[in-house]
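Undergrad: My structure is below; once you've seen it, I'll send some questions.
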Amino acid sequence: ELKEIVFIIQSQSNSFHSKRAEDLKRDILKQAADLGKELPTVLLTHEMNGHEGAWTILPLMRDFSITYGRNSSWIFFCEEDTRIQVVKLLETLGRFDKSKEWFLGKPLYDEESTIIHHYAFAENPTVFKFPDFAAGWALSIPLVNKLAKKLKSEPLKSDFTIDLKHEIALYIWQKGEGPHLTPVPEFCTDDVDSYKADHCATTFSNFLPLCGEPVKKEDVFVAVKTCQKFHGDRIPVVKQTWEREAALIEYYSDYADISIPTINLGIPNTDRGHCGKTFAILERFLNHRSPRTPWLVIVDDDTLISIFRLRKLLSCYDPDEPVFLGERYGYGLGTGGYSYITGGGGMVFSRTAVEKLLASKCRCYSMDAPDDMVLGMCFSGLGIPITHSPLFHQARPVDYPKGYLSHQIPVSFHKHWNIDPVKVYFTWLAPSTEESLNGKKIVYNREDL
């Protein structure tokens, strides 16, 4: 029965994202009403108060078990852009015995062991499957009850959340004692209009969001963090690739080099974090740039980024809101920690967010503290949520499953290690003529990098 499914939309509180999640909730409930069925429960994770780490799902298991453990059969999770055919979803879940422990999804796997997953399953990384959240994924209630019981006796450790889909699958697997992910062919990431989608219970909108005209080039100020030892090898890559896309760009270093040119902020280079340098950049943006520039992007000198696509993406956000955007990680979320935007993929700030941050007393606890984590702590303390986009990447294309990248139009990648960064940029990120044709299907000729 439809009423036995609890739908959980992995939502965010930023106004653009919360509206998309609300639209999906309305669509699910309308489909249910059109069927004449008793309406299912549809919840949005960002509305689950009291859980800074609600987006990491596992802290919610005990609540799910207590509230839905007796009268429901499935918890079905999806993203705001997942599209659901409710009738087909019912048929699909109906194939599985709801009295057993099931973990269902569209499987992803690593083709080679990767730093993102701490080189797990190094001997054969393809053996471990984890769900592509974009296609939706489901847990049977017996499994939810088992996880809730385990979490009661063994609280989550207070360490890092880096790739949630992989970490959830590892936790459920329990070193072989729990269920593996069961592949479900009807959980799809094909576009809803694709001929391949006929059998699908779920589909996924795979276009870069565009909510009107892209923001103007002059509305995005780009700050590149560098240091003298990388002037000779990393900066030339930026100049060969994405620098031309930026109307406003400055390079911040520990040494003023007029040939680039770089600006010395008077902050010595540090081997660990770069908190002092980042806060100096934030203050310079607020006090020395045109007060009309609404967006700031801070990147590393080995970040590859498409400013062209970022301008499209930013058309969906209101710069009058405090927006802090990028790839989200978590620290200590099982024990009251905080979320943060990981720096290598690029950190995007609305001017409003920078104003609120600098008006507070929150600053670096040391000059070499990790800047991205300190910023996460500060924004968490101010009650300003960070906004996650899976289009920003802390690592290289080769570090992600091909199936995951296949339904993305990425905004950034990071690191030059063992790759040709110029080739990566022109394969994955360079503006193409097809992209400027609004509404046209975008086809990429991506080599296996």
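The values are calculated or read from the model by the stated rules, or taken from the named source; none is laboratory data. Quick caveat, the model's predicted, so the values are computed rather than measured. Reconstructed Cβ throughout: ideal geometry from the backbone, glycine too, with neighbour counts over all protein chains shown. Accessible surface is based on the protein model in full, side chains and every heavy atom, while ligands, DNA and RNA are left aside. Shrake-Rupley method; radii C 1.70, N 1.55, O 1.52, S 1.80 Å.
Undergrad: Taking the Cα centre of the range 2-204 as the origin, how large is its charge dipole in debye, to the nearest 20, when only Lys and Arg (+1) and Asp and Glu (-1) carry charge on their Cβ atoms?
TA: On the way: 24 positive and 30 negative charges, 181 e Å.
That gives the range 2-204 a dipole magnitude of about 880 debye.
Undergrad: Further, regarding this structure: How about the range 176-217: which trypsin sites (Lys or Arg not before Pro) there are in a DSSP loop, with at most 15 other Cβ atoms within 10 Å of their Cβ?
TA: Details: sites: K196, K216, K217; in loops: K216.
Here the trypsin sites (Lys or Arg not before Pro) that fit, given the DSSP loop and packing criteria, are K216.
Undergrad: In debye, nearest 20, what is the charge dipole magnitude of the range 168-309 about its Cα centre with +1 on Lys and Arg Cβ and -1 on Asp and Glu Cβ, if you could check? Spell out each step's value before the answer.
TA: Values: 15 positive and 20 negative charges, 110 e Å.
Rounded to the nearest 20 debye, it is 520 debye.
Undergrad: Let me ask another. Dipole of the chain, Cα-centred, from +1 at each Lys and Arg C-beta and -1 at each Asp and Glu C-beta, to the nearest 20 debye?
TA: On the way: 51 positive and 59 negative charges, 128 e Å.
The calculation lands at about 620 debye.
Undergrad: For q = 0.18, 0.19, 0.31 Å⁻¹, what log10 I(q)/I(0) does the range 283-327 give under the Debye formula with an equal point scatterer on each alpha carbon and no solvent?
TA: Summing over Cα pairs of the range 283-327 leads to -0.67, -0.75, -1.29.
Undergrad: With just the Cα atoms of the range 109-231, tell me how far they stretch along each of the three principal axes, in Å, largest first.
TA: 54, 48, 32
Undergrad: Would you mind getting the accessible area per residue of the chain, heavy atoms of the protein chains only, 1.4 Å probe, in Å²? Write down the numbers at each step before the final one.
TA: Details: 19650 Å² over 449 residues.
Ligands and nucleic acids excluded, the result is 44 Å² per residue.
Undergrad: For the charge dipole of the range 61-117, defined by +1 on Lys and Arg C-beta atoms and -1 on Asp and Glu C-beta atoms about the Cα centroid, which residue among F76, L108, S65 has the Cα displaced farthest towards the positive pole?
TA: Of the candidates, S65 comes out farthest on the positive side.
Undergrad: Would you mind checking K3/K149; K277/K312; K217/K312; K100/K150; K106/K402; K98/K196 for any pair whose Cα atoms are more than 20 angstrom apart? Mind showing how you got there, number by number?
TA: Working: K3/K149 24 Å; K277/K312 28 Å; K217/K312 10 Å; K100/K150 17 Å; K106/K402 13 Å; K98/K196 28 Å.
Among K3/K149; K277/K312; K217/K312; K100/K150; K106/K402; K98/K196, the Cα-Cα distance tops 20 Å for K3/K149; K277/K312; K98/K196.
Undergrad: Taking only the alpha carbons of the chain, what extent do you get along each of the three principal axes, in Å, biggest first?
TA: 69, 48, 47 Å, listed from the longest principal axis down.
Undergrad: Share of the chain's accessible area from carbon and sulfur, percent, 1.4 Å?
TA: On the way: 10000 of 19650 Å².
Carbon and sulfur together cover 51 percent of it.
Undergrad: Moving on. List the trypsin sites (Lys or Arg not before Pro) in the range 13-98 that DSSP assigns to loop (not H, G, I, E or B) and whose Cβ has at most 10 other Cβ atoms within 10 Å. Which are they? Mind showing how you got there, number by number?
TA: Working: sites: K19, R20, K25, R26, K30, K37, R62, R70, R83, K88, R95, K98; in loops: K37, R70, R95, K98.
Answer by residue number: R70, R95.
Undergrad: Taking +1 at the Cβ of each Lys and Arg and -1 at the Cβ of each Asp and Glu, which of F349, N14, F426 sits farthest along the dipole of the chain towards its positive end, judged by Cα position relative to the Cα centre?
TA: N14
Undergrad: Roughly speaking, what is the stretch gain from R292 to D257, that is 0.36 nm per residue apart minus the C-alpha to C-alpha distance, in nm to one decimal?
TA: Working: separation 35, 0.36 × 35 = 12.60 nm, distance 2.81 nm.
Result: 9.8 nm gained on full extension.
Undergrad: Sticking with this structure for a sec: At what distance in angstrom do the alpha carbon centres of the range 68-115 and the range 280-339 lie from each other?
TA: That distance is 33 Å.
Undergrad: Within the range 404-427, find all residues whose amide N lies under 13 Å from a label point positioned 7 Å from the Cα of D198 along Cα-to-beta-carbon.
TA: Zone members listed by number: none at all.
Undergrad: If you filter the range 1-107 for GluC sites (Glu not before Pro), then keep DSSP loop positions with at most 11 other Cβ within 10 Å, what is left?
TA: E1, E38
Undergrad: Further question: Tell me, what is a quarter of the convex hull surface for the C-alpha atoms of the range 266-413, in nm² with one decimal? Each step should come with its number before you reach the end.
TA: Values: hull surface 39.1 nm².
Orientation-averaged projected area of the Cα hull: 9.8 nm².
Undergrad: Using +1 at the Cβ of each Lys and Arg and -1 at the Cβ of each Asp and Glu in the range 134-253, identify which of Y252, L208, L156 lies farthest towards the dipole's positive end.
TA: It is L156, whose Cα lies furthest towards the positive end.
Undergrad: Would you kindly derive the ³J(HN,Hα) couplings of the range 324-341 from the backbone phi angles with the Karplus curve 6.51 cos²θ - 1.76 cosθ + 1.60 (θ = phi - 60°), listing them in order in whole Hz, with x for Gly and Pro?
TA: Per residue, the Karplus-derived 3J(HN,Hα) values read 10, 10, x, 8, 8, 10, x, 10, x, 6, x, 10, x, x, 8, 9, 8, 8 Hz.
Undergrad: If you don't mind, another one. Which Rg and Dmax, in Å, describe the Cα atoms of the range 182-245?
TA: Rg and Dmax of the range 182-245, Cα atoms, are 20.7, 56 Å.
Undergrad: Same structure, new question: Taking only Cα atoms and a 10 Å spring cutoff, compute GNM fluctuations for the chain and point out the largest among I172, I307, I258.
TA: Sorting by GNM fluctuation, first place goes to I258.
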